[in-house]
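J.: I'd like to ask you about the structure that follows.
The values are calculated or read from the model by the stated rules, or taken from the named source; none is laboratory data. Note that this is a predicted model, so its numbers are computed, not measured. Ligands, DNA and RNA are stripped out before the accessible areas are found, and what is left, the full protein with its side chains, is counted by its heavy atoms. Shrake-Rupley method; radii C 1.70, N 1.55, O 1.52, S 1.80 Å.
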Amino acid sequence: KWRIVCPGSGRQWKDWKQASTSHSGNMIQTTKYTWFTFLPQNLYEQFHRLGNLYFFFLVVLSWFPQVEVFHREVTLLPLVVVLLASMTKDAIEDYRKHQYDKAINSSKTRVYDR
């Protein structure tokens with residue numbers, strides 16, 4: 001979508017009201033997640049990594065008694081630790097991005113008009 005920029009002279013007020021209903025605002029948003037999409041989207045991204053898929057495969061294999069080498073909980077532990085560490089890192093990063101976006105969006109700006 002194209003964004004329509006109207007100067008502050010007042011003569012384009014009707015055009016601005018019409019354009020503002022069909023176009024997004026001027027807010028910056030660099031975050032990847034919301035409260036509702038964090039867990040599914042992060043797990044989707046985590047299991048696209050080959051190492052996490054390998055550990056998940058080992059966990060699935062450990063549930064079969066014929067193939068079980070270690071206890072099920074011991075096999076599950078490395079995967080859970082890596083996933084929790086990555087999720088914590090991603091959550092902190094996304095929260096910092098949210099705070100930075102909030103500071104930028106609430107800062108004062110100058111609008112220059114001819």
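J.: Looking at Trp2 and the list (1) assigned to a loop (DSSP other than H, G, I, E, B); (2) of a type in the set (Phe, Trp, Tyr); (3) modelled with pLDDT of 90 or more, which single condition is not satisfied?
T.: All conditions pass for Trp2, except number (3).
J.: Can you name the residue in the range 62-105 that is charged (D, E, K, R), open to solvent by 60 Å² or more (accessible area, probe 1.4 Å) and in a helix (DSSP H, G or I) and, of all such residues, is nearest to Leu39 (Cα to Cα)?
T.: Lys89
J.: Among the residues of the range 29-61, which ones are within 14 Å of Asp94 (Cα to Cα) and open to solvent by 60 Å² or more (accessible area, probe 1.4 Å)?
T.: Gln29, Thr30, Lys32, Thr34, Trp35, Phe36, Leu39, Gln41
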